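For reference, the structure discussed in these notes is given below.
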Amino acid sequence: MKIGDTVNGYRLITRPCNEDAGKSVWAFAERDGTEYFIKRFLEPKRPQAGSGASARSRELRLAECRDFERRHSEVGEALRQRRSDSGSGNLVVPLHFFVAGSTYYKVTEKVVVADADPTSFSAKEKLVLLRTLALSVRVLHGIGIVHGDLKPTNVLIERRPDATAFHPAKLIDFDDSYLTGRPPAPGVVGGDQLFGAPELLRYMREDPGVPAGALTVAGDMFSVGLLAHYYLTRRLPDHDSEFGVPGEAVAAGAALAFDERLPAATRDLLGALTSREPAARPSIDAFLAAMDDARLCELAGSPLPATPAASSRPSGSRLHMPSFEAPPPGRSAAEAVRPPDGAPRRSRLKINLGGGDHP
Amino acid sequence: MNGYDQYRGNLRYAVDIVMCIDATASMGPVLDEVKRSALRFPERLQEDMAQKRKAVSQLRLKVIAFRDFADYADDALQESEFFTMPGEADKFEAFVRGLSPVGGGDVPESGLEALAMAIRAPWERGLDRRRHVIVMFTDAPAHPIGTPEARDAHTYPAGLPRDSDALLEEWGYARSQQALMENSAKRLVLFAPDASPWDGIAEEWNMTILFPSTAGQGLEEFEMGEIINTIANSI
């Protein structure tokens, strides 16, 4: 597909690209005066009549298509049935799923993204962001769906026409979603490794200790923990430089180091969310119950610490991501985060995590 | 420690890229740009993968330059081995710099033979995660694979698929039993005209992206940075 082409009534108005696209190409399109987001899937491909392929080849490829259509219709139908649930309004669900020629396409609404850096939001704005994101995740988990690829590029910060102070998070891209405990095969399962749960990374490596049934909605909760840390501090938690991504570190039993400027209660919550054992992670309901006070989103001190060797920062986001700020000249990172009196910070906020109650 | 080792975690990621480059005369205006792009590619990829926090523990590049068997068989295909970056960067550079835009006669060219050779490359089968990318640079349509005129050429490679359906089977699909490519690893990126056979391949082959160019105008509408970025995005 190319700019100017019309696919099933949708006229492409931007040049298709594969940035952050996984197994697809995407563009914006227009139909009847409304703009949409359109995605062209790279697989499967429906075999066309008249080719010289063998009957066996055609049958195998048609079987792939049937599985693909079933998975998309299961997830799509489940989402549409919960359209009236609290939080479902921020799920950017497929409006149109179709095949044209040999190729599958999906159309969703076009979200007008705010020209705002969510990591620079006030504590109250960050709370709104995290809670609207969590409400969307709760809708998914309530019907047993694992999003499977929670990361900043799949969380759009919507610009509202009334220019209110609060920006809701719109959750997109359910292409890697699956029913809890029923992921695709290790070579097919998707998800960004940077935000991936330890069991997902092990499953991708075909670790015999991780059966398919181990991949549940708790995997999303690990990603929620990393996303929350990123939105609150502009970075992912630190970990031993031996490991490439946080999930690898946790899988190996290494600790994640959370930003010490966060309240202790928040660090406790993030620590629980990024537990190695899925059952030890709070559910999305427990996260919503805990994340109910803007003070949990506040950072002590304004300067940010220097970038350690193994901190992880996502890139390629459609969100604006500012460059990392170093501490003021003459002050070390440790000084920059220490309270003026030099005493260790202690939060008066307390959280009851109530974990382990996943659907 | 080389530039890729620093991101080596428990999950080892191997990237193999085969660049199929049309080296016929019409590509003259842009072949130098394509070559420059190829030479810049390892460094650019290293930067991009580091930003994406993908742990590339092995990067190998291979080049297949093609012209037209039916026009002049002796230089219809020039094929390098896989070069491991950055240790064999000098060999890779020497091969790429040696390509010159000559011959080809009239379009179409022998692009499908180059693609078939790329599919049969000795791809990395080890390490934990693999990405096998074929990138086609051409401004011309291609002959159907295995035309009698091409097969009569004394340099025509033995054992190539006899028709387009056999070629598709070698590319494969998720449940394929004859594929030579590993389905979860493979990507095909075509910088080619929206003409036969490239349009059909983009429509019917999985894991394939076509960025259409204007036939005969040597990919001039593509910014090289865009091409590099597109390839990096496919990894």
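The values are calculated or read from the model by the stated rules, or taken from the named source; none is laboratory data. On a predicted model such as this, the values are computed, not experimentally measured, just so you know. Neighbour counts are summed over all protein chains in view; Cβ atoms, including those assigned to glycine, are modelled from backbone coordinates with ideal geometry. Only protein heavy atoms, including side chains, enter the accessible area calculation; ligands, DNA and RNA are left aside. Shrake-Rupley method; radii C 1.70, N 1.55, O 1.52, S 1.80 Å.
Counted over the range B:21-103 with a bin width of 10 Å, the fraction of Cα pairs per bin, in whole percents, is 17, 43, 28, 10, 2. Both chains summed, the buried accessible area for A and B stands near 3400 Å², from protein heavy atoms and a 1.4 Å probe.
Over chain B, what is the relative contact order in percent, taking alpha-carbon pairs closer than 8 angstrom and at least six residues apart? Working shown, then result.
Details: 463 pairs, mean separation 55.9, N = 235.
Contact order relative to length: 24 percent.
With runs of 4+ DSSP H residues as the only contributors, calculate the mean residue ellipticity of chain B at 222 nm using -39,500 (n - 2.57) per run, divided by the residue total and rounded to the nearest 500. Could you put the intermediate results ahead of the total?
Numbers: 7 runs with 71 residues, N = 235.
Calculated from helices alone, the mean residue ellipticity at 222 nm is -9000 deg cm²/dmol.
Measuring heavy-atom accessible area with a 1.4 angstrom probe and counting protein chains only, the residues of the range B:191-210 that give up at least 50 Å² relative to the chain alone are B:E203, B:E204, B:M207, B:I209. Residues of the range A:209-243 whose accessible area, computed with a 1.4 Å probe over protein heavy atoms, drops by at least 20 Å² once all protein chains are present relative to their chain alone are A:E242. Cross-link reach is defined here as a Cα-Cα straight distance under 14 Å, omitting same-chain residues fewer than 8 places apart; for A:K124 the aspartates and glutamates meeting it are A:D292, A:D293, A:E298. Averaged over the residues of peptide A:42-54, the number of Cβ atoms from other protein chains lying within 10 Å of each residue's Cβ is 4. Per Stokes-Einstein, at 10 °C and 1.306 mPa s, what whole-number D in µm² s⁻¹ belongs to the range A:239-290, with the Kirkwood radius over Cα pairs as the hydrodynamic radius? So the translational diffusion coefficient is about 134 µm²/s.
Taking each pair of distinct Cα atoms in the range A:200-308 once, what is the resulting Kirkwood hydrodynamic radius in Å?
Values: mean 1/r = 0.0681 Å⁻¹.
Its Kirkwood hydrodynamic radius stands at 14.7 Å.
So, with a 1.4 angstrom probe, what is the percent of accessible area on the range B:5-234 that is carbon and sulfur? Carbon and sulfur together cover 45 percent of it. Subtracting the Cα-Cα distance of A:E158 and A:E19 from 0.36 nm times their residue separation leaves 48.1 nm of extension gain.
Each principal axis of the Cα cloud of the range B:75-115 was evaluated for its coordinate range; sorted largest first, these ranges are 39, 19, 12 Å. Note on A:S73 and B:L39: their simple-model spin labels are 5.5 nm apart, each label 7 Å out from Cα toward Cβ.
Karplus-based coupling profile of the range A:261-274, in residue order and whole Hz: 6, 6, x, 4, 5, 5, 4, 4, 4, 5, x, 5, 4, 9, with θ = phi - 60° in 6.51 cos²θ - 1.76 cosθ + 1.60 and x standing for Gly or Pro. Calculated accessible area for the range B:5-234 comes out at 37 Å² per residue, all protein chains present (probe 1.4 Å; ligands, DNA, RNA ignored).
Divide the volume of the convex hull of the Cα atoms of chain B by its number of residues and quote the answer in cubic angstrom per residue.
Enclosed volume per residue, from the Cα hull, is 111 Å³.
What's the carbon and sulfur percent of the range A:145-277's accessible surface, probe 1.4 angstrom, rounded to a whole number? Its accessible area is 49 percent carbon and sulfur atoms.
So, R0 is 35 Å and r is the distance between the beta-carbons of B:Y72 and B:R97; what FRET efficiency does that work out to, to 0.05? All intermediate terms of the calculation are to be shown ahead of the outcome.
On the way: r = 22 Å, r/R0 = 0.62.
Efficiency, rounded to the nearest 0.05: 0.95.
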